[in-house]
Amino acid sequence: MIIIPIILGTFLRVYKIFSNYYFTGELGKELLYVWQIISSGKFPLVGMGTSHEWLSYGPMYYWILAPLVKIFGWTPYILFWVSLAASMGGILITYFVFKNIVNKKFALILSTFVSLSPIWIWAARLSKLHTFFFILTPVIVYCLYKIWNGKGKFTFWLGISYGALFSFHFSQIPTLLVIILMLWIKRKSLNLKNYLMLLVGILIPNITILIHDAANGFSMIKNLVLWVPYRFAGFVGIYPKNNLSQESGGSTLSAFNEFFGRNLFWDNRLWILGSIIFTILFVTIFVQNRKKYSKDFFTFYIITSTVVQCFALLIHTTPPLHYFFPIFLNFGLMFSYYTCELWFKKSTKILTVAIFILMFTVSIFEIGKEHVNDTDYIPLNVLEGVTTTIVNDAADRPFSLDRIGPFDYFPENYSQNYRFLILSKGGKIDQSAGLKYTVIEMGSVYIEKHE
């Protein structure tokens, strides 16, 4: 039966992708980094830098991406196909993990929810490296479950899977508290070897990061250690929050509302309803099962992971949506839990099927206009046309490139999507050149030429 959510999920992630692909400056930056790796012929010890100048991702994503680019060529869609594979692989792994942890019915309901959920579809179509959380998060949950039930040897695999996440983002850092608390609860069934194997497991996927950072005086580790109290200082008002990082707008509450709401609804006017449903489900689970907290793994994981991640993001303030990746599963887990609890009722079966049909139908309608409210969305065919015009007009002459538009306060004016397409067409970008093109995004896209 898992084939059904796989088919539905694949269809919704691919549907209209070629007419509605969100190829942003951030995705262009990813491909330019791969271009640099391939051109230099050097094995990368770390990945691309994050929005924090002192912090870089691990290299695993680029170890995967570079060979694929060499095989399939320099198409922007390579990022989507990798994201799709990670997304659908995550659904499959989620099914088998929770089939073992709970039962087949629970796993099928959860997998179907994930395949149809707007937030999961949105993340896969966005095509960022973060989608590998979809594969690794259920693996981490499975390892935690096995350790909870006395299988101490899984501490090594827990370390491997948790450590690998540093190649795809750093939002899983609060999850370390979940791991530590579980190890404390189950300390009588563990020994020193188990703790050492956990540490070794975390270090193995990050060994190249450590080698690179050691050559730079461990500056990244030092800054990362200082960053946590720095964010907390901003949270309590010691530092002004707007000096802590470049935020793109919004508020902490709106970020939480979007995460909870997008699990069920595309329309932002309905997100508050999704937040209310999430809150009701969580509070109900907490009240009904709090006495089983240290005895039942499912109760422990739902309560601890939700509280820890949400509290950490409250301290962070105005978190981007992908900072919620470590608990992307939690809404679906609670939905599946209560659906299975009430499955003996005919009304529950009818309502569940109706909800899934409605989610699928609404997604079909919404995907075509998915980016209508995104200020930096320019269709890929428009980007292709603009960059072809620039390359043809330059006629093999080097030129500098500038961009004026949304998010142009980011490095290179958030123009990396244009830069990648220009380079892939044989254009010669030289910021010191006398010939200059400025791309202006003001609803439509305009090109200014200066010589």
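The values are calculated or read from the model by the stated rules, or taken from the named source; none is laboratory data. This structure is a prediction, so every number in the text was calculated from the model and none was measured. Note that we place each Cβ from the backbone using ideal geometry, even for glycine, and neighbour counts take in every protein chain shown.
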Taking segment 162-211, which residues are buried (at least 16 other Cβ atoms within 10 Å of the Cβ) and either among the acidic types (Asp, Glu) or within 18 Å of TRP63 (Cβ to Cβ) (or both)? GLY163, ALA164, LEU165, PHE166, SER167, PHE168, HIS169, PRO205, ASN206, THR208, ILE209
Test for TRP120: is it surrounded by 23 or more Cβ atoms within 10 Å (Cβ to Cβ), touching a Lys or Arg at 6+ places or on another chain (Cβ under 9 Å) and more than 19 Å from PRO59 (Cα to Cα): yes
Could you list all residues from segment 158-193 that are closer than 14 Å to ILE327 by Cα and polar (S, T, N, Q)? SER171, GLN172, THR175
Go through segment 347-404 and give me each residue that's of a type in the set (Gly, Ala, Ser) and closer than 16 Å to THR438 by Cβ. ALA394, SER400
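Examine segment 393-413 for a residue that is under 30 Å from SER117 (Cβ atoms) and buried (at least 19 other Cβ atoms within 10 Å of the Cβ), and state whether such a residue exists.
No, there is no match, as no residue in segment 393-413 is under 30 Å from SER117 (Cβ atoms) and buried (at least 19 other Cβ atoms within 10 Å of the Cβ).
Give the residues of segment 137-160 that are over 18 Å from LYS186 (Cβ atoms) and crowded, with 24+ Cβ neighbours inside 10 Å, sorted by residue number.
Hits for segment 137-160 are THR137, PRO138.
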Checked segment 365-413 for anything under 25 Å from the mean Cα position of the chain (by Cα) and acidic (Asp, Glu); matches are GLU366, GLU370, ASP374, ASP376, ASP408, GLU412
Give the residue, chosen from VAL69, VAL97, VAL102, that is of a type in the set (A, V, I, L, M, F, W, C), within 29 Å of GLU441 (Cβ to Cβ) and modelled with pLDDT of 90 or more. VAL69
Looking at this structure, is LEU358 exposed (fewer than 14 other Cβ atoms within 10 Å of the Cβ), at pLDDT 95 or above and of a type in the set (A, V, I, L, M)? yes
The listed residue being of a type in the set (Gly, Ala, Ser), within 20 Å of ILE422 (Cα to Cα) and either in a loop (DSSP other than H, G, I, E, B) or touching a helix residue (DSSP H, G or I) at 6+ places or on another chain (Cβ under 8 Å) (or both), out of GLY89, GLY28: GLY28
